[in-house]
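The values are calculated or read from the model by the stated rules, or taken from the named source; none is laboratory data. For clarity, every value in this text was computed on a predicted model and none was experimentally measured. Positions of Cβ are generated from backbone atoms using ideal geometry, with glycine treated the same way; all protein chains shown enter the neighbour counts. Remember, those area values only see protein heavy atoms, side chains included, never the ligands or the DNA or RNA. Shrake-Rupley method; radii C 1.70, N 1.55, O 1.52, S 1.80 Å.
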Amino acid sequence: MIIRGGIVYDPANGIFGEEMDLCIDNGRIVEDAKGEVIDASGLLVMPGGVDAHSHIAGPKVNTGRIMSPGDSRMGTEPKTAVCRPSTGYTVPNCYAMGYRYARMGYTTAFEAATPIIESRHTHEELEEIPIIDKGALTLFGSNWEVMECVRDKDISKLAAYISWGLRASRGYGVKIVNPGGGEAWGFGSNVKGLYDPVPNFDVTPAEIIRALAQANEMLQLPHSIHLHFNNVGKPGNYTTAIETLELLKDIKPSRMRQIVHVAHMQFSAYGGTSWRDFDSQAPVIADYYNTHNHATMDLGQIIFGNATTMTADAPLEYGNARLLHAKWSNHDIELEESSGVVPLIYGRKMPINAIQWAIGLELALLTKDPWKVLMTTDHPNGGPFVNYPEVIALLMSKAKRAEEIATVHELVTKRTTLPGIEREMDWNDITIMTRAAPARVLGLEDKGHLGPGADADISIYNLKPEEVDPSKDYKLVKNALSLAKYTIKSGQVVSIDGEITATPEGKTYWVDAAVPKADMDRLMIDLKAKFERYYSIKMSNYMVQDAYVTRPMVIKTGEQVSEAVQ
Amino acid sequence: MITSFEDVICSFCGCLCDDLAVEVEDDKVTKVRHSCRLGANKLMGHERIKAPMVRAGEDLKEVSYQEAYDRAAEILLCAKHPLLYGWASTVCEAQKKGILLAEEVGGIIDSTATVCHGPSIMGIEEKGMAGATLGQIKNRADLVIFWGCNPAEAHPRHTLRYSSNVCGRFTADGRGCKNVVVVDVRETKSSKNANKFVLIKPGTDYEVITALRLLVASKDDMVPDEVGGVSKKDLAEVVQVMKASKFGVLFFGLGLTHSRGRSKNIDNALSLVAELNAHTKFVVMPMRGHYNVGGMGQVAAWETGFPMSIDFARGQAYFNPGETAACEVLGHKEVDATLVVAADPASNFPRSIVDNLANMPVIQVDPYQNPTTLLADVVIPSAIAGIEAEGTAYRMDGLALRMKKLVNSPFPSDEEVIGHIIESVRRLKGTVSCNDKEA
Amino acid sequence: MRTITLRPLRAIGVPLEAEKISPDVFAPLSLSQIRSLEAFQGNRRTLIADHFKVEGDEAVALVEETTIRLEGDFSRVKRIGENMSAGTIEILGPVGMRAGSGMKGGLLRINGNADDWLGREMRGGKILVSKNAGNYVGSGYRGEKCGMRGGEIEIDGSAGAYLGEHMCGGTIHVSGNAGDFPGAVNQGGIIVIGGSTFLPGAEMTKGTITVRGKATVLPSYKKVEEIQIEGLAYQKYIGDLVENGKGELYVALG
């Protein structure tokens, strides 16, 4: 296939809006090819979108569906010759998940958090999501074995546990959510900050985070630790954000990437002491990112309207439910984690929501280097991913921001700096924040760029970047980005003008990290005891079996470590 | 030659015990250890349907599998509104095929939750559910409440493995460190194991739960001297025990889902548990009956957006319990053909509904004969999931496990059978001549 | 005034979904076009004319000037009058599920029994039932905060369970008894029950429920005072206190 004459943005390879042809063969970008020609003359061409933080599959997501039939009803679409029936808005069914990402030009999405023991469920859902490539990040932050390794300062055993846990869950990387808090929540409490010891385990969140970061680098995992801070969602929590980032700055990454990726920074950029004096501290966070290079973040931008919050930060969800008098689901997972789900509505005229909305945008606009900032809504916590074009249009147009600001609660002007921000992002910035950077942050070498050898995942939009001024024509920008003119996945056209034309099945990435046999042996002693005494199932029934990952993309690491064993 | 299997997962109830030891000889299960009597009976098996059959006149006559698949496809294609029912005693892989079949033939798909925990799901839709995995309960719960359920008889190993009679990390003294409260309309085997038995008048669960909520919120003066036959003193004692616990769990069963109030009872109980969390840690869990009814709910939710009672007649998913549930559509004669997989509606549904079932074509897919076989027009024997066919099942707490294949079998799995019916449907669509008796 | 009459051609087996039977849909169409409107019977796409004899005025009219008369047994025809905004539907006979669902205006008059889900998520307009209605009259969709937000429903006979559950506005009047849990989780609206019921206003936070017969009242309803309304003595309650509710419940005394 040849894509002719598009205006290509491929910042990873230094291409910033050049008219050029793209050649595809055998599912990859190549130098030369024959075959079908797609006329993309003058149209915006980018690599397929990569969503590095989204809740797309697993027990929490399904709980969200089960408890909100109204949400499923909202997004109901009939089946077609190619598509199965779709439902859902904030919690789409698996088919809608794939179709809607693909229609928007996205071709890869990663599940942000899967608990090891329930990863079979996560993979059952991932298998059912059509078109996109995917992976899942495995939760480690409140895990008994993790905390005991941390307490004993045994980083090599911890690394063995991560290796084992990634294999058991077919996970891609190390996800940490409110570390220690998931265990405290087991008896209904929480950790109050980085140095608050976890009851019954005598380790602090700070120790857990540092140890996991060290183990992550020992294993040379493609992705860094992926961290949801303690105190997310609390006024004044920006200090926890800075403290935690400071905690990690001396650790050396094992690859050319960040040492920590921070999830949904918007929810951790809060000043004030209560909801009454709550304000934005995005400038402080952005300033930190402008002066330090060891961290990346994704936004977690709010979209007004319905959302479903779902997170392994179970105490946060309990708090949400009590505050909003909302439906509340909770699920604590033996020896490993906790989670909560609360559907809610973000209102323009609600002062808190208006400030939150501004904070996400501030973070993006005030951080100078777009390579450090991934554009997400923490789907569906901030809002459903189908609204990404809205966020992009806001980032590219001060006029659109002004128009929106005029409709939201006036506290936005007093408590945030958004109204005064002049910066308007360009296509280069956007391509970085939605394609190139997420791929680099995750360590996906064949994604997010269009150089030879890359996966032929391409989005072509019905928009001529040389004729359109995104600053003024923001409506056109939003419309064009909502339904790609063409979405190409592994060299196959899957969507044309918003209609799905093919539903190939994507691959599931996971990481197989080798560790020394001696460390694995020491780990197994601990695990055998835990399965005998505490788990409610047998170790032989615990691991995710091959049957659940039928199209795996396995990334092997740690080969350089001596006496490596699988 | 005897083969031994360890860590076998039982395919009877929602406990999904995964520690069974099974011996197999000549492709038959000869010995089962560690399980309860119910699980052992299931795994040991009994006489089963030998071949596919199609009804000709009064009798069922043997046919080939392909004939049976084609006849089933014809019935489903000719139906204006077919119902695909059951699914609770087979694996997720078959359930997925069932949903695809329902989409293709434009029918309703529903599980046995319609006669079981459907009201619980409806309650969760109103309130959400504060839950945990069973291992969490094993390790932490010092208060176990059983309301309207009798685990001693229906989930025999529940108390030993997960709830009241088990030790865990923070419950090292096992039964000795736990308080057990049983709430029911009569004494049961389970109430004999209780520290406190609360006898309530039938049909008063909702009011009793409301009274407990008032007491939890310290609105004691609102509560009359007696609610549902329970004294205020007893109710207050229960609440005191709840608040004094470190981790309480409320397990509930059909006594709550099927007595007056039904889904309202559940949603009230869910709120009670949510409100208790302001005082102490509390979780709640429905005691799912069939081993994989939970799985059907999960699979249906991620594939269709809804956990049960989904109507695809209009080419898109429509969910409205109170209208689209199996009991309801059969009762109102809204469906004109039924496929029954891994269930026995003739035994479990009210008489009037079974009569309606008798007046329409019925296809049965099951390893075993049961009263539903008497109504069936097509009978397709399948392999026993969890013994002869592997696949996924979800425990009552939502945990997924992979059922093993222990023996070889000449029978196709449920997944294969439904897959073949789908093939026949696709092949025969547009060519079948139906006998339209009515508009 | 334009009047169009439909009469069933024969008994209906698998129910019809006939959401196209609405003044909004019929008003601008010719009779021939009306006959060609689709109605689904299960998964079969059929036409109105396949099931009904259609007669009446040919000339198109405004929605508010259009009356549809349904004469006969419509008990197995669902979704009649769905989302209608004006005009009239008169049914001389029983009507099927989800009649008047999402109604915004106009009049739906049923001279017979109405099946479940009558006036679900109603917004405005008026529904009259000469006999009995089923479960879920004026209710909402599963798990959603607000069901009925406006309009009036009057039932001369009795109604089933969950009358007006999740109501946020509007009025429902039942002359006879109402089944279990009327006015559950209400945040507004007025319900009047001429006969008896069981556990009215469960988890109600606002709104008014009046019961002229007997009622089993929840322990979470606080007795306020005895009061006379239109010559009848009532016990007034405030509740539901499990939700710190300020709903008003009146139950007849004696």
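A few remarks follow.
- Between A:Glu31 and B:Arg186, the simple spin-label model (points 7 angstrom out along Cα→Cβ) gives 8.5 nm.
- Average Cα contact separation per residue, segment C:120-247, under 8 Å, 6 or more apart, as relative contact order %: 17
- Kirkwood Rh and Cα Rg combined as Rg over Rh, evaluated for segment A:1-105: 1.11
- Where Rh is the Kirkwood radius over Cα pairs, Rg/Rh for segment A:202-349: 0.98
- Lys, Arg +1 and Asp, Glu -1 on Cβ, resulting dipole of segment B:129-258 about Cα centre, debye, nearest 20: 640
- Positive-pole candidate from C:Gly169, B:Gln298, C:Leu232, dipole of the protein assembly as shown, charges at beta carbon: C:Leu232
- Listed residue pairs exceeding 31 Å between alpha carbons, taken from A:Lys175/A:Lys327; A:Lys157/B:Lys243; A:Lys34/A:Lys478; A:Lys327/B:Lys192; B:Lys97/C:Lys104: A:Lys157/B:Lys243; A:Lys34/A:Lys478; A:Lys327/B:Lys192; B:Lys97/C:Lys104
- Three-way shape call for segment A:46-500 based on the alpha-carbon gyration tensor, with the a/c threshold at 1.5: rounded
- Simple spin-label estimate for C:Ser175 and A:Lys349 in nanometres, 7 Å along Cα-Cβ: 4.2
- A:Lys472 accessible area, 1.4 Å probe, all protein chains in place, Å² to nearest 10: 150
- Only protein heavy atoms count here; under a 1.4 Å probe, A:Lys528 has an accessible surface of about 110 Å².
- Cross-link pairs exceeding 22 Å between alpha carbons, from the set A:Lys414/A:Lys475; B:Lys61/B:Lys429; A:Lys192/B:Lys246; A:Lys153/A:Lys538: A:Lys414/A:Lys475; B:Lys61/B:Lys429; A:Lys153/A:Lys538.
- With all protein chains modelled, accessible area of A:Met1 [1.4 Å, Å²]: 30
- Signed unit charges on C-beta, dipole axis of the protein assembly as shown, positive-most listed residue B:Gly148, A:Tyr172, A:Gly14: B:Gly148
- Cα-based Rg of the protein assembly as shown normalised by 2.2 N^0.38 Å, two decimals: 0.93
- Of the residues making up segment B:248-274, those losing 50 Å² or more of accessible area when the isolated chain is joined by the remaining protein chains, with a 1.4 Å probe, are B:Arg260, B:Lys264.
- Dipole check for segment C:2-220: with +1 at the C-beta of Lys and Arg, -1 at the C-beta of Asp and Glu, and the Cα centre as origin, the magnitude is about 260 Debye.
- Ordered from largest to smallest accessible area (heavy atoms of protein chains, 1.4 Å probe), the residues B:Ser4, B:Ser424, C:Ser130 come out as B:Ser4, C:Ser130, B:Ser424.
- Which of B:Tyr394, A:Ile225, B:Leu272, positive extreme of dipole for the protein assembly as shown (C-beta unit charges): B:Leu272
- Of C:Ala159, C:Ala99, C:Ala39, the one that fluctuates the most in a GNM where chain C has Cα springs shorter than 10 Å: C:Ala39
- 5 Å binning of all Cα-Cα separations within segment B:118-286, expressed as whole percents from 0 upward: 2, 9, 19, 23, 23, 16, 6, 2, 0
- Computed over chain B: relative contact order in percent, which uses C-alpha pairs under 8 Å that are six or more apart: 24
- Using only side-chain charges placed at the Cβ, +1 for Lys and Arg and -1 for Asp and Glu, the dipole size of segment A:46-500 relative to its Cα centre rounds to 660 debye.
- Beta bridges assigned by DSSP with both partners in the protein assembly as shown are antiparallel in approximately 45 percent of cases.
- Based on C-alpha pairs under 8 angstrom that are at least 6 apart in sequence, segment C:2-220 has a relative contact order of 12 percent.
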